[in-house]
1. Quickly run through the stretch 233-251 and pick out the residues that are under 13 Å from the mean Cα position of the chain (by Cα) and open to solvent by less than 30 Å² (accessible area, probe 1.4 Å).
2. Taking the options Ser18, Ser4, name whichever one is modelled with pLDDT under 90, closer than 28 Å to Tyr201 by Cβ, part of a helix (DSSP H, G or I) and hydroxyl-bearing (Ser, Thr, Tyr).
3. Considering (1) surrounded by fewer than 21 Cβ atoms within 10 Å (Cβ to Cβ); (2) in contact with a helix residue (DSSP H, G or I) (Cβ under 8 Å, 6 or more places away or on another chain), say which one Phe194 fails and leave the rest.
4. Please find, among Glu263, Glu233, Glu254, Glu244, the residue that is closer than 19 Å to Pro150 by Cα and either modelled with pLDDT under 90 or out of contact with any Gly (no Cβ under 6 Å at 6 or more places or on another chain) (or both).
5. Taking Val146 as the residue in question, decide whether it is surrounded by fewer than 18 Cβ atoms within 10 Å (Cβ to Cβ), touching a residue at least 60 places away in the same chain (Cβ under 8 Å) and in a loop (DSSP other than H, G, I, E, B).
6. Just wondering, is there one or more residues in the stretch 51-60 that are under 18 Å from the mean Cα position of the chain (by Cα), more than 24 Å from Arg240 (Cα to Cα) and at pLDDT 95 or above?
7. Name the residue that is farthest from Ser279 (Cα to Cα), counting only residues in the stretch 75-97 that are open to solvent by less than 30 Å² (accessible area, probe 1.4 Å) and of a type in the set (A, V, I, L, M).
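The values are calculated or read from the model by the stated rules, or taken from the named source; none is laboratory data. It should be emphasised that the depicted structure is a prediction, and the values quoted were computed from it without experimental measurement. So basically every Cβ, Gly included, is an ideal-geometry build from the backbone, and we count neighbours across all protein chains shown. For accessibility, only protein heavy atoms count, side chains too; no ligands or nucleic acids. Shrake-Rupley method; radii C 1.70, N 1.55, O 1.52, S 1.80 Å.
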Amino acid sequence: MLRSLVALHCRIGQTVLSHQRHNVQQHQNLIHHLQNARCYGMASSERRKFYEDVSISQSEGGMFEINLDRRKLKTPGGKLFTVPNEALAIAVATEWDAQKDTLKFYTMHLSTLCNTALDNPTQRNKEQMIEAALKYLETDTICYRVEEPPALVELQNNEWNPVMEWIEKRYNVVIGSSSNIMGPEIPEETKDTFRQHLNSYNFWALTGLEYVITQLKSVILSFGMIDRYLTVEQAVLLSRLEEEYQIKYWGNVEWAHDYDMFELRARTAAGALFVQLASESSTVKRKILQD
């Protein structure tokens, strides 16, 4: 199951790269935007591959390390790259093992999230991360509704209302929606419920969940996906509902739309996988990656 999830993440990444190679010049602005994304990344976007073998090992403290040939991987901040469990270590090692002649760091979302958790460049604690995530609830994508055109109003009601009904029932909260530019007024009881739920995640998993929330710009869609009510594809499509509607009626630049969609899916899938792996407590017996 783990290898299937990792393989899916890598296949999505490779699809993005094939689109990129087909339209290198046109994609430069998009790649520049991705490299400057909010999540802490690698020191450079690309580098010539300098290793042959990837393996993992367990340190005396119980943490797992990534080895590139005989060298131990380090974070951009200079710390030893260690992860809390073997499942996550295998996933990250698979990401490094999948790289070809050139390391494309902007496709290595799991490694980037690990670097964020280890170096903590913004120096935030769990409470600060939770409050930052809750800010997105106040401007949640599916809480904002249009009043016209009627076709878009109907589309939003048909697609978003079931998700809203699900989360309100699932967490026994009231959220609501609004067409007012200020959005709905979220009850403090709802915020407290979500605050307690977010606090149940460990620091690493919370790092991944916050990343997913920033990608979808929605706490509701993120919870729906993490709780497996929505698939990655469904969550991404719902987060882009108005944009997809506009494209249907006005058209789009095909390569840009496809690139955007695949990239958002890749980042969202990686974030969801990271949350799952960071919450994993069991270990996997085999410690060295094999072809």
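1. Ala235, Val236
2. Ser4
3. The single condition Phe194 does not satisfy is (1).
4. So the residue among Glu263, Glu233, Glu254, Glu244 that is closer than 19 Å to Pro150 by Cα and either modelled with pLDDT under 90 or out of contact with any Gly (no Cβ under 6 Å at 6 or more places or on another chain) (or both) is Glu244.
5. Taking the combined requirement at face value, the residue satisfies it.
6. No; the residues of the stretch 51-60 include none that is under 18 Å from the mean Cα position of the chain (by Cα), more than 24 Å from Arg240 (Cα to Cα) and at pLDDT 95 or above.
7. Per the stated criteria, the residue is Ala93.
Yes/no matrix, rows are residues, columns are (1) crowded, with 20+ Cβ neighbours inside 10 Å; (2) more than 23 Å from Ala272 (Cβ to Cβ); (3) over 19 Å from the mean Cα position of the chain (by Cα):
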position: Leu155; (1), (2), (3): no, yes, yes
position: Pro162; (1), (2), (3): no, no, yes
position: Val174; (1), (2), (3): no, yes, yes
position: Ala205; (1), (2), (3): yes, no, no
position: Gly208; (1), (2), (3): yes, no, no
position: Lys217; (1), (2), (3): no, no, no
position: Phe223; (1), (2), (3): yes, no, no
position: Thr231; (1), (2), (3): no, no, no
